[in-house]
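Beneath this line is the structure, given in structure tokens, with notes to follow.
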Amino acid sequence: MAQNRYKIISISQLKIMVLLVLIITTSAIHFEALLYTYQSVENIRSENPSGSTLAERYLILGDWPASRTNNLNNFTLNYQILKSSKEPTISKADE
Amino acid sequence: MKSNSNNSSLRILLRTFGVLLLFTVMLVNYRSSILPYSAFSIANAMTHLDFEHFNSIGLIKDIMYFFIILLLLHVVWAMLITTSFNSVKDSNSSDLKNELTWLLLVLSHLTFVVGLNSYLYPTSITAYFRNSFYSNPMFLLILGVVLLVLFIIGVTHYRAKNFIFTTVLASTLLLVYPLAVNKGTQTSLSKPNILIVGVDGLRPDHLSYAGAPVTDAPFINNLLSNSYVYRNSYSPQGRTYVAWMSILTGQYPKTNGARFNLAPPELINKNLPIIESLNYNDYHTVYAMDERRFNQIDRTYGFSSTIGPKIGAADAFISSFADLPIINTLLNHPYSGFIFPYLHNNRAYGKTYQPKLFNNEVISSLSTTKPNFLAVHFCQLHWPYTSNDFIDNESSSWDGNYSHFMYKAMLKKVDQQLAHFFAELKEKNYLENSIVYLISDHGEGFKLSDSFNLEVDDNAPAPQSWGHGTNILDQAQANVLLARMQFANGEVSSDPKIIEGLFSLIDILPTINKQLKLNLVSQFDGYPLPTDSTDFNAERHLFVESSLPLKAMNASFIDEKKVVSEVGSSYTVRSSGKAVMKPQEYLSLVSRKQRSVYQANHQLALLPESDSLVLVDFANKDLKVINDDENNLRANKLLTMLCQFYKDDYGFDETNRCLRLNEKGGNNG
């Protein structure tokens, strides 16, 4: 009888443990994704209020620069916005 | 016992509602931490609103309605979760286990909604599962089915389960009905459909007939290769509403009174003779547009039907604030037009805008039994160039000019949208007998060095500016696409031809009047479009005016504070919730307009801000300022035309150039 009772408590505890693990895992998935998104933004953020790259400018305008096939980092390195005052030799300058 | 059960369900409902609301508040704060500008800022840069405008009852009502709907959605969502919880709740288990089960259920719902938002709308800021396993369609399908099954089982636990099942089933059928319904095809009619298809900001020099690669816009270029294309065409003013009013009246803005996008409506005659006549002649008249911030045209202008988001100042605030998974995932259902009228089919809320959905909604508004007059305007090419799936990674064509690069990327998207639109029209037999005008309302200035390469005097005003309607010397802003084609049996039947001459959007209405023999009593400023270059009138002259040449708008990145400080005080929000120019400011704003006249290869422009008269010679690629003491015959001839047309316009020629020209003419005998 005592053994049976011990067994019931254990199953109940096990269920609670499983539920706790699932809750913590699901929460962690959300937090990890939120943190990754935040860090990605911090990595591309410059001191220029209007943005220095295509990705940063798009983000400043209120949308996330990514598609189902590309992510934010695809639009930073080779997408520097040029300034005519600093780059007088470049004909198609942005500002 | 029953009472306890009810109390328990209510407690769970309230608790669920609280958690969902907390999650939304957390997302709003998280979004703010990512975006450098507030929810109020970006859109306001274009609509010139400030906090002082929030005393309009219409604006407050619209924003309140939005928040009430948002709260109700949270209540419904909480009810779904509470019902689902019935299926997994175990009354024999400990409270802790039930609490944890409930929490897991709530988290599963949140995961599903965020995952769905991330899959459907990866450019949403709150789509933080984008490109991950949790936005994978298979994962979402499995999770969605599990949650649905839990809900169905949960319903069976209620005493009134039959009633609830019937309600849920009826609601589901009601929701599915508009997605499944097919309106059918148009019957054969003797009168032709008239379609005016506008593409916002489409620059002719980005199309193949003006030398651009065909692949930049393959569908549009193919269509134009089978059309009459009027090469040198201009918009009377590079602003959407003003341009469309000129199209629909056949008159210049000075004649019809629509001088600004947000001009006070009481100063504009909304009776459009063309629409009245077409309605009388048993036409079904439709005006459709996927962005309404800059265009006031609605059903009060006489149309049988209008399609597109609601017009109002709340658009700016709501579309800046709305980016939440629970809203986004609902937005493309046809009924969302009722609950989120400012967001549904709104291209300005680019992250959820579905071009094909807008197309389908426009086409389903057409009549299958009557001839249709459809004026439709597509705005994907307008700033801020956002879309629901961003753009392709093409760094090789990146030239450092953000706006121009995005413009070219969006040109491909609007081309695909038009391809789908025409394919659907054809499938529904609307192209069996149709006359189609393909136009743009204005161009767009990007300060590209290789467009309209002019020799410019050192003291001359800048020949290029950013945007549209801001500088009449910038040909990229005023030069527009104007083409027409006849469709028979679903195919273009007109001869392809590039027609030389000087044309304007005001020529469309006189052409329709002539084609349909409507005999409108209106006094047109435009002329019927010819079908051959030999009909070209070399003496024809056209007038083009600017909107407000704002310094703050002349930038690739628009600073909201600068725009508001420059013109914010000139606007007000009416009790209807619509933003308009203050009538008392209207005349002073009119006086600040740049005005110009084109004839043959020349343009003469009068610029009030620099008090200069500028002559542009396109043949010799020359732009120069005409000094007061200079006796330039060409300039004098064009100035005479300008003076005659604008002589009674408020604030025109404050330095009396016209008077001096007359005296000069008198002295010369």
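The values are calculated or read from the model by the stated rules, or taken from the named source; none is laboratory data. Quick caveat: nothing in here was measured; it's all calculated off a predicted structure. We place every Cβ from the backbone using ideal geometry, glycine too, and count neighbours over all the protein chains shown. Remember, those area values only see protein heavy atoms, side chains included, never the ligands or the DNA or RNA. Shrake-Rupley method; radii C 1.70, N 1.55, O 1.52, S 1.80 Å.
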At 222 nm, what helix-only mean residue ellipticity would the protein assembly as shown give, in deg cm²/dmol to the nearest 500, using -39500 (n - 2.57) for each DSSP H run of four or more?
-13500 deg cm²/dmol
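What's the average, rounded to a whole number, of partner chain beta-carbon atoms within 10 Å of each residue's beta-carbon in B:404-410?
Taking the mean over all residues of the peptide, I get 2.
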Please compute, for peptide B:386-397, the average count of beta-carbon atoms on other protein chains lying within 10 Å of each residue's beta-carbon.
5
Taking 10 °C and 1.306 mPa s as the conditions, I'd like the Stokes-Einstein D for region B:66-139 in µm²/s, using the Kirkwood hydrodynamic radius from alpha carbon pairs.
114 µm²/s
Relative contact order, percent, chain B [alpha-carbon distance under 8 Å, six or more residues apart]:
19 percent
Shielding of B:99-106 by partner chains, average beta-carbon count, 10 Å
4
Total formal charge among the other residues, if their Cβ is under 15 angstrom from that of B:Pro355, Lys/Arg +1 and Asp/Glu -1
-2
Just tell me the longest site-free run in chain B, where the sites are trypsin sites (Lys or Arg not before Pro) in a DSSP loop having at most 13 other beta-carbon atoms within 10 Å.
B:184-516
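Roll a 1.4 angstrom probe over the protein heavy atoms and tell me the percent of accessible area of chain B that is carbon or sulfur.
Roughly 57 percent, rounded to a whole number.
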Using only the Cα atoms of the protein assembly as shown, what do you get for the radius of gyration and for Dmax, in Å?
29.5, 127
Among B:377-389, B:185-197, the order from most to least packed when residues are scored by Cβ within 10 Å on average:
B:377-389, B:185-197
Place +1 on the Cβ of every Lys and Arg and -1 on the Cβ of every Asp and Glu in the protein assembly as shown, take the dipole about the Cα centre, and give the residue among B:Ser493, B:His420, B:Tyr385 whose Cα lies farthest towards its positive end.
B:His420
What are the membrane-span-like helices in chain B by this rule: whole DSSP H runs, Cα extent along the axis at least 18 Å, mean Kyte-Doolittle hydropathy at least 0.0?
B:2-34, B:57-88, B:95-120, B:137-156, B:161-180, B:633-646
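Counting other Cβ atoms within 10 Å of each Cβ, which chymotrypsin sites (Phe, Trp or Tyr not before Pro) in region B:264-357 have at most 15 and sit in a DSSP loop?
B:Tyr335
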For region B:600-669 the GluC sites (Glu not before Pro) that pass both the DSSP coil test and the at-most-16 other-Cβ-within-10 Å test are B:Glu609, B:Glu630, B:Glu654
Can you tell me the dipole magnitude for region B:121-230 around its Cα centre, using point charges on the Cβ only (Lys, Arg +1; Asp, Glu -1), in Debye to the nearest 20?
540 debye
Name the chymotrypsin sites (Phe, Trp or Tyr not before Pro) in region B:600-651 that are in a loop by DSSP and that have at most 16 other C-beta atoms within 10 Å, would you?
B:Phe618, B:Tyr650
